[in-house]
1. Identify all residues within segment 314-352 that are among the aromatic types (Phe, Trp, Tyr) and not in a helix (DSSP H, G or I); write none if there are none.
2. Scan segment 439-477 residue by residue and report those that are closer than 23 Å to Glu384 by Cβ and assigned to a strand (DSSP E or B).
3. Which numbered condition in (1) assigned to a loop (DSSP other than H, G, I, E, B); (2) aliphatic (A, V, I, L, M); (3) surrounded by fewer than 24 Cβ atoms within 10 Å (Cβ to Cβ) is the only one that Ala374 fails?
4. For segment 104-121, indicate whether the set of residues that are acidic (Asp, Glu) and either at positive phi or open to solvent by less than 40 Å² (accessible area, probe 1.4 Å) (or both) is non-empty.
5. Out of the residues in segment 305-352 that are charged (D, E, K, R) and modelled with pLDDT under 95, state the one that is least open to solvent (accessible area, probe 1.4 Å).
6. Exactly one of these conditions fails for Leu239: (1) assigned to a helix (DSSP H, G or I); (2) within 16 Å of Glu133 (Cβ to Cβ). Give me its number.
7. How many residues are surrounded by fewer than 23 Cβ atoms within 10 Å (Cβ to Cβ) and β-branched (Val, Ile, Thr) when one looks only at segment 238-274?
Amino acid sequence: MKSIANASAFALIFLFALSGCDVIDRTDPSTAISQGEALSSETAIEGVRASMFDRFHTENLSTFWLLGPAAQADNTYIRGSQNRFRGLNQNEIRSGVGTGPYSTLYNAINEANILISGIQEGALPEARAQRLEAEGLFIRALATHHAARIFSYEPGQTPASGPGQGFTLGVEIKTEPTIAVEDASPTPRSPVGEVYSQLESDLNQAINIFSNLPDAQRASDEFVPSEAAAEALLARVNLYERDWSDADQAATNALDLAGQQFGSSLAGPNEVRAIFNENSGNPEGIFTIDTDPIQESAGVNNALAAYTSRQWIAQVPTQDLIGLYGSSDARLDGFYGPCFDEIQGANVQGQCENINDPGFELQKYNAEQSTPYADDYVHLRVAEMVLIQAEARLNTSDVSAAIDRLNDLRQQRNASQLDPGNYNFDSAYDEILAERRRELVAEGHRYFDLKRLGRDISKAPGTGEEDVPFEDFKVLDDYPPSELQVNTELEQNPGYN
């Protein structure tokens, strides 16, 4: 794929040609298309779709999204003199994961809105138009939820003291497409409860549309949004709301659908590395952004692989994280390996050992494709759904139900079985969060797992960094000053004015 459109958050300036419908391909930019034609031309509409997905190949919606929350908390730390994500490691003011990505998120939301409600009747075959509407609803929810967890507290979860006490604003809800700059209007932030209501509405509507599509328009793999993906994202949204029963049910639905449609299930001990190996196929895939290694790599300076395993090895797993694994756990070999400098063709000596005892680098993003910096980006997969079920069942059933579900995952990772009798509610919750660290490192969760539960942002021992209290205003990222100037209706987060 190639970048198709250069759209601002409020205007789609160019729409370009696309070849194919089910594979998100695109050609080089052609000529500009008028606003009227943009909503009625099949080629232009498919170009909007392709551009929407292409946003997720940028550093803002890949490296920042997936690796950033690991660096903000206690899963990764800077190696030696490297500087990539040092500001996140040290939780510096205005170094959060939202400052750069904000406009990219809302560009994707605007393109999603075009697919949802901007296509003129008859421009596409009805079934195709319905599928694109459902895809737009899914992407709008995915991007809006990510913005919400960056810039706002979760519903009912605000600090008991400090600048954020009682602060309940969410993010802007954008549901109408903006095609031209003159059509844009300032939008205020909505209460966080309304944001989550919109997320649920979008995802339930997407699920309904996906479920009624004819076979020819149904997703055949994890690389496009699907009913399974919408259920999985709904499970995540419900988790953040602490709507435990609904989270459990949506995760169950996602697992059933992913198994039926894609053959996805928990990977066994010998398949763990395959989850992130583009050449072997992800056995757990529910929704993944596919990357063309020739045209879509984020490159030597920005890619996930460049940050973790292939070039700079700037962000290294902490000993605090590595120490959570048992010696037989298949994830030790599946997710990690010795720090190795591909440029020099030799192991990196000394510096990685300063961060973790074995001198490991993170190898989830190994760029196995033909270019050294291109990875597919796994956003939703089976193991996350199992972990959501465990947390939900702890809150709705009992400790045994939660630990039993953890053991289902641990069995497939060749990790020792846990005895439910050794846990109470609090220690079981800690074990679930530890299992999420073991399993979901650098998949965009750790910082937000602590924040959504009102916990302090913990920093790994030995790094010299201090925990960030939940009451600290820095727990929420600040709105970029440029956006406040453009949108005068926006209110900055507490503590930044």
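The values are calculated or read from the model by the stated rules, or taken from the named source; none is laboratory data. Computed from a predicted model, the values in this text were never measured in an experiment. Methodologically, a virtual Cβ is constructed for each residue, glycine included, from the backbone with ideal geometry; neighbour enumeration extends over all protein chains shown. Calculation scope for accessible area: heavy atoms of the full protein, side chains included, ligands and nucleic acids excluded. Shrake-Rupley method; radii C 1.70, N 1.55, O 1.52, S 1.80 Å.
1. The answer is Tyr325, Tyr336, Phe340.
2. Listed by number, the list holds a single entry, Ile457.
3. For Ala374, the exception is condition (3).
4. Yes: one or more hits.
5. Asp341
6. Unmet condition: (2).
7. 1
Condition check ((1) open to solvent by 50 Å² or more (accessible area, probe 1.4 Å); (2) under 24 Å from Asp375 (Cβ atoms)) across all residues:
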| site | (1), (2) |
| --- | --- |
| Gln389 | no, no |
| Ala392 | no, no |
| Gln412 | yes, yes |
| Gln417 | yes, no |
| Ser427 | no, no |
| Ile432 | no, no |
| Glu443 | no, yes |
| Arg446 | no, yes |
